[in-house]
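J.: Structure provided below as structure tokens; questions to follow.
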Amino acid sequence: MTDPVWPHDPQNPDLSLPLAGVRVLDLSRILAGPLAATILADLGADVIKVESPQRDETRRWGPPFHGEDAAYYLAVNRNRRAMALDLRSDTDLDVVRTLAAAADVVIENFLPRQLTSLGLDRIREESRRAVWVSVRGAGADGPLADQPGYDAMAQARSGIMSVTGHPGTGATKVGLPVVDVMTGLYAAIGALGALLGHHRDPDGRPAHVEVPLFECGVAALMNQAANHLIGGTVPGLLGNLHPNVAPYGPMPTADGELVLGATSDRQFAALCDVLGLPDLPADPGFATNAARLARRHELTDLLAAVLRAESTRTWECRFAEAGIPCAPVNRVDDVFREEQVTAGELVQNIEHPAGPIRLVASPLTIDGKRPPIRRAPPLFGEHTAEILDALRHAAHD
């Protein structure tokens, strides 16, 4: 039997990254699956993205656009090559079969019935090498298994929306695709865990990792879930208040808002000292977190009356000096002026066929070095001919 064929990528030479040499076939689209592939790619994996002739939907999810592609697509598809293949074609499906046979990880987010109709289930059964990561709307062991999964629906069904928003305005989704992002993170973790553990089923196949949006959303409830399962409470809309800690959340200042948190009696005493309220920590109504939680609205009014006297920046400096956790409520443009962002190469300038672009890179550093963006997000089918040519040459060698 000939060795599996994987086309070499001359632009992926950094052998110092931890996943250098790992091969990832990304058959997914939209966000969670591509994000998982991006995380692996940032760590050095060689990723090939395969799209149908209909393209990854996020290429059209704009404006804004850069060239023909939406910013949404550019956000989660860096560090990979791209092919355009029609999986309904036997010839193109054979290309996927060839790449899957050589891959260490395959990521897909087809519905189970789509996986079967396209013949990808047979490719998965044939696999003796690749960890297979399936991103789903819901787990295969439940009644929602064959329903499409999208972030907003997962936020709604998982309960995240029911604890997000203000009582006066009703439930709202988080302002970013939080379940998709968490699912992408879990998918990358599952792939790495299976690779690290060399886990195989009794038939000798590598692990099949299923990562469902709904279950990831339920897992994200964290303390809210435990509050219900252990304490019997049904949490509701608290706005920006914390269900278990007070004071914790945004407070008004003279020119904006500042999020602060006093999660211990020591921090609360320090906060009161800075605010000129030294007697408050000794008051039995505020001496413990449980007491503060019971009277949090009264406490918020007391603190806000003082905080409104000075600017956000003034309070931020005073609290930082006293070791009290705090942060300004930044707009997105403010974020990219933060020195923590500008000093750390978190945003990188990338050459792209439509002109240079700036993208957020990996938040990780490894031995003090942030993994670079080695490839701009590829154009649709940009490397199809190159990869097919490499596969044909390998077949004749």
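J.: Which one of these is touching a Ser or Thr at 6+ places or on another chain (Cβ under 9 Å), part of a helix (DSSP H, G or I) and at pLDDT 95 or above: GLY184, GLY190? Even if it seems obvious, please write down each step before you answer.
T.: Working: GLY190 fails: touching a Ser or Thr at 6+ places or on another chain (Cβ under 9 Å).
Unique residue meeting the criteria: GLY184.
J.: Something else about it: Restricting to segment 233-273, and then to whatever is of a type in the set (Ser, Thr, Tyr) and either surrounded by 18 or more Cβ atoms within 10 Å (Cβ to Cβ) or not assigned by TED's automatic domain parsing to the domain that holds PRO284 (or both), can you tell me which residue is farthest from GLU310 (Cα to Cα)?
T.: Among those that are of a type in the set (Ser, Thr, Tyr) and either surrounded by 18 or more Cβ atoms within 10 Å (Cβ to Cβ) or not assigned by TED's automatic domain parsing to the domain that holds PRO284 (or both), it is THR233.
J.: Another question, then. Suppose we filter VAL209, VAL179 for residues that are on the phi < 0 side of the Ramachandran plot, touching a strand residue (DSSP E or B) at 6+ places or on another chain (Cβ under 8 Å) and outside any loop (DSSP other than H, G, I, E, B); which single one remains?
T.: Criteria check complete, one pass: VAL209.
Residues are listed down the side, and each one gets a yes or a no for (1) out of contact with any strand residue (DSSP E or B) (no Cβ under 6 Å at 6 or more places or on another chain); (2) assigned to a loop (DSSP other than H, G, I, E, B); (3) not assigned by TED's automatic domain parsing to the domain that holds LEU192; (4) not polar (S, T, N, Q):
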{"site": "TRP6", "(1), (2), (3), (4)": "no, yes, yes, yes"}
{"site": "LEU17", "(1), (2), (3), (4)": "yes, yes, yes, yes"}
{"site": "ILE30", "(1), (2), (3), (4)": "yes, yes, no, yes"}
{"site": "ALA37", "(1), (2), (3), (4)": "no, no, no, yes"}
{"site": "ARG59", "(1), (2), (3), (4)": "no, no, no, yes"}
{"site": "GLY62", "(1), (2), (3), (4)": "no, yes, no, yes"}
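J.: Is it true that some residue in segment 109-130 is in a strand (DSSP E or B) and crowded, with 24+ Cβ neighbours inside 10 Å?
T.: no
J.: Output the residue which, of all residues in segment 37-70 that are under 25 Å from ARG88 (Cα atoms) and small (Gly, Ala, Ser), is surrounded by the most Cβ atoms within 10 Å (Cβ to Cβ).
T.: ALA37
The values are calculated or read from the model by the stated rules, or taken from the named source; none is laboratory data. Bear in mind the structure is a predicted one, so any value in this text is a computation, not a measurement. A quick note on method: Cβ atoms are made from the backbone with ideal geometry, for glycine too, and the neighbour counts reach across all protein chains shown.
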